[in-house]
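Enquirer: Before anything else, here's the structure in question.
The values are calculated or read from the model by the stated rules, or taken from the named source; none is laboratory data. Not measured: the values here are computed from a predicted model. All Cβ positions, glycine included, derive from the backbone under ideal geometry; neighbour counts span all protein chains shown. Quick note on the areas: whole protein, heavy atoms, side chains included, nothing else; ligands and nucleic acids left out. Shrake-Rupley method; radii C 1.70, N 1.55, O 1.52, S 1.80 Å.
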Amino acid sequence: MAVQSVREKAFQKYGRIVTGFDCAQLLKKLAETPKPPDSTIYAASDPELEKLEIFRALRDREFGGMEIELGYCNGSNDRLNALEYHRSSEINIVGTDLILLLGLLQDVDALTFEYDTALVEAFKVPAGTVVELYATTLHFAPCNASAEGFRDAIVLPRGTNLPLQAKPETAGEDRLLFARNKWLIAHPESGLQADEAFPGLKGRNITL
């Protein structure tokens, strides 16, 4: 599929490029975090990253003083596998060039909660870029822009992606609730079990 630049107009419905933050210390620390060669690793909250001044700046300026978490998603990935969304924006501070596969929540079927992967668009994000993904943007783990894999710092409201305290009734949108503040639609070929993730992605499991 065509890979567009995050600076193209087509990206504007999914999010925006954020400026005005000094990310040098964060990017240096991010480069020290684990990066598996053939899988991905996700840490919702990293204490070393959260000691940095940018953590407080992001909390106060981007999230209006709400409590946040700063973690990372690193590794190697070349498939869509699933799409998720939150009830909040997500900030990505990109440590290496990477590709985001994105869709719109508005295109999820309102009755079946299925989504056609033919609607997904791909965007390359250069290292050092700070990107906000809106709450209505479907996304998942980044994909490789090179054979070296990727590093991506992620900022979300505190508690997002942690295990649920209780699973709600399995009807309607509740079927998609996978973790705290995380609604997820999986592809049947993703390897995620149907009793864990709603298998509502229809079409090709996109591979880059």
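Enquirer: Can you classify the chain as rounded, prolate or oblate using the Cα gyration tensor, where a ≥ b ≥ c are the square roots of its eigenvalues, rounded means a/c under 1.5, and otherwise it's prolate if a/b beats b/c and oblate if not?
Expert: The shape class here is prolate.
Enquirer: Let me ask you something else. Which order do Ser146, Ser89 take by accessible area at a 1.4 Å probe, largest first?
Expert: The residues order as Ser146, Ser89, largest area first.
Enquirer: With +1 on the Cβ of every Lys and Arg and -1 on the Cβ of every Asp and Glu, and nothing else charged, how large is the dipole of the chain about its Cα centre, in debye rounded to the nearest 20?
Expert: Result for the chain is approximately 360 debye, rounded to the nearest 20.
Enquirer: May I pose another question? Apply the Karplus curve 6.51 cos²θ - 1.76 cosθ + 1.60, θ = phi - 60°, to the phi angles in the range 96-110 and return the couplings in whole Hz, x for Gly and Pro.
Expert: 9, 3, 8, 10, 9, 9, 10, x, 10, 4, 4, 8, 6, 4, 5
Enquirer: May I ask you to give the solvent-accessible area per residue for the range 51-208, in square angstrom, as obtained with a 1.4 angstrom probe?
Expert: For the range 51-208, the solvent-accessible area averages 43 Å² per residue.
Enquirer: Jot down the radius of gyration and Dmax of the range 99-208, Cα atoms only, both in angstrom.
Expert: 14.7, 42
Enquirer: Cross-link list Lys28/Lys124; Lys29/Lys167; Lys13/Lys182; Lys29/Lys202; Lys182/Lys202; Lys9/Lys182: which exceed 29 angstrom alpha carbon to alpha carbon?
Expert: The answer is Lys29/Lys167; Lys29/Lys202.
Enquirer: Let me ask you something else. For the range 169-174, take each phi angle, set θ = phi - 60°, evaluate the Karplus expression 6.51 cos²θ - 1.76 cosθ + 1.60, and give the result in whole Hz per residue in order, putting x for glycine and proline.
Expert: Values, residue by residue: 4, 8, 9, x, 5, 4 Hz.
Enquirer: From the phi angles alone, apply the Karplus equation (6.51, -1.76, 1.60; θ = phi - 60°) to the range 134-146 and give each ³J(HN,Hα) in whole Hz, x where the residue is Gly or Pro.
Expert: Those phi angles translate into 5, 4, 8, 9, 7, 7, 7, 4, x, 10, 5, 9, 8 Hz.
Enquirer: Using the Cα centre as the reference, give the magnitude of the dipole from point charges on the C-beta atoms of the range 115-166 (Lys, Arg: +1; Asp, Glu: -1; all else neutral), rounded to the nearest 20 debye.
Expert: 180
Enquirer: When the accessible area of the chain is computed with all protein chains present and a 1.4 Å probe, what percentage of it is carbon and sulfur?
Expert: Carbon and sulfur together cover 51 percent of it.
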